[in-house]
Every structure is written in C-alpha cells, then in structure tokens.
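Participant: The structure under discussion is supplied below as structure tokens; questions concerning it will follow.
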Amino acid sequence: GTVRVWDATTGREQRRLSGHRCETSGICAVNRATYSPDGNWIVTASNDGSARVWGANSSELHPPLAGRGGAVYGVAFSPTNPREIVTANQYGIAIVWDFLSGRELSRLQPSPLDGEVFAAAYHPRNPYQIATGSSVIQGYGSGGKVRIWGIEPEVALQFEWNDHTGWVHSVSFS
C-alpha cells in the first residue's frame, strides 16, 4: 500500500510513502494516515498488520510496528509525546508504542470475546487517557462499544458504553 502526500495549495503530489505489503488477495489497503502534532512524523495503519512511521520531511522510515498480526485499522499520536502512538487492530487490541525504540508500552485488551478495534484516540489535554471504538458480535446480532482507558500508572478501563447499534469506526474527544 502507498500513501500520497499532496500540497493542498498547489494540488501537486509532494511524495509517496511506499512500504506496506499487499495481502495474498492482492489488497494493498492503508486504512489510516495521520501527522504527529509537531508535524515531523506521519504514521500509517495497514491491512498488512503493521503501522509504519515516516519522517514527514525526510526519507526516514522506522521498522514496522506489528502486534499480533491482523489488520491495523486505527492509529493516533500522543498529543504530548511525539514518540508515542496507539494502534487499533483486527484482534480487538489497542497497543501503545514508543515507535523510536519499537517497544510496546501498554496493551488495551478488554475481553477476548470482543470484536475488532477500529479506532483509537488520545485525549488532547490528558495524554494518559485513550478512547477506543470497536465491534461486538454477540449471538446473532452485532453492535459497538466505546471505551475510555487510563494508561498511567497502569492500564485501567475507566468507562464503557455498549449501546451502539452498529460498529464504532471513529472516536474523538472534545
């Protein structure tokens, strides 16, 4: 999968970020791309099971961050620590990473019976709080959940809302 960076003023392509692998089916999906708050990095999430971090204005590319495999749907940068990102994946796990070292810092995993985690977002004023949005498949029906997690001093589920009639693909704090 490839990400293209465009200049919104001129409409010209600035660069291409190529590095995600294609699946055996031939699908080369990049599910999300976002800039770091300081504008120095771009992180991408892909169906190849990884997140990649690129220098926004350089050719720097960090090794892929891969948790347990499966598609990575969501990704977000910490608002205060430019080294820290959170990924959301197909296996119902959100992982907090230090992308410079490639080290997993925290794992947000509620229940092995829950579905995929599609989205993750940091609170803009509290970098130790993360929201996730997911699917839940129970019996013959399906729905979604939004969870608020605390990640310091240890991972703790703070709030959970279960009454969504569909899967939750995006989360955000105000």
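Participant: Can you find even one residue in the stretch 85-93 that is in contact with a Ser or Thr (Cβ under 9 Å, 6 or more places away or on another chain) and among the aromatic types (F, W, Y)?
Facilitator: Among the residues of the stretch 85-93, not one is in contact with a Ser or Thr (Cβ under 9 Å, 6 or more places away or on another chain) and among the aromatic types (F, W, Y), which makes the answer no.
Participant: Which of (1) of a type in the set (S, T, N, Q); (2) farther than 27 Å from N40 by Cα; (3) buried (at least 21 other Cβ atoms within 10 Å of the Cβ) is the odd one out, the single condition S135 does not satisfy?
Facilitator: Against the list (1) of a type in the set (S, T, N, Q); (2) farther than 27 Å from N40 by Cα; (3) buried (at least 21 other Cβ atoms within 10 Å of the Cβ), S135 comes up short only on (3).
Participant: A follow-up question, please. Please identify the pairs in which a residue from the stretch 54-79 that is within 16 Å of H20 (Cβ to Cβ) has its Cβ atom under 9 Å from the Cβ atom of a residue that is surrounded by fewer than 20 Cβ atoms within 10 Å (Cβ to Cβ) and among the β-branched types (V, I, T), counting only partners at least 6 apart or on another chain.
Facilitator: Between residues of the stretch 54-79 that are within 16 Å of H20 (Cβ to Cβ) and residues that are surrounded by fewer than 20 Cβ atoms within 10 Å (Cβ to Cβ) and among the β-branched types (V, I, T), the close pairs are W54/V3; V75/T34.
Participant: Next question, about the same structure. If you check S50, S59, which single one turns out to be surrounded by fewer than 20 Cβ atoms within 10 Å (Cβ to Cβ) and either over 17 Å from A119 (Cβ atoms) or among the hydrophobic types (A, V, I, L, M, F, W, C) (or both)?
Facilitator: Going through S50, S59 in turn, just one is surrounded by fewer than 20 Cβ atoms within 10 Å (Cβ to Cβ) and either over 17 Å from A119 (Cβ atoms) or among the hydrophobic types (A, V, I, L, M, F, W, C) (or both): S59.
Participant: Would you say D48 is of a type in the set (D, E, K, R) and touching a Lys or Arg at 6+ places or on another chain (Cβ under 8 Å)?
Facilitator: In short, yes.
Participant: In the set G115, G133, which member is within 12 Å of G92 (Cβ to Cβ), under 19 Å from the mean Cα position of the chain (by Cα) and outside any strand (DSSP E or B)?
Facilitator: Answer to the check: G115.
Participant: Please note which strands (runs of 3 or more DSSP E) are completely contained in the stretch 1-81 and include at least 3 residues that are within 17 Å of the chain's Cα centre (by Cα) and either modelled with pLDDT of 90 or more or over 24 Å from V168 (Cα atoms) (or both).
Facilitator: Here the list reads 30-35, 41-46, 51-55, 72-77.
The values are calculated or read from the model by the stated rules, or taken from the named source; none is laboratory data. Fair warning: this is a prediction, and the values are worked out from it, not measured in the lab. Cβ sites come from the backbone with ideal geometry, for glycine too, and all protein chains shown count toward neighbours.
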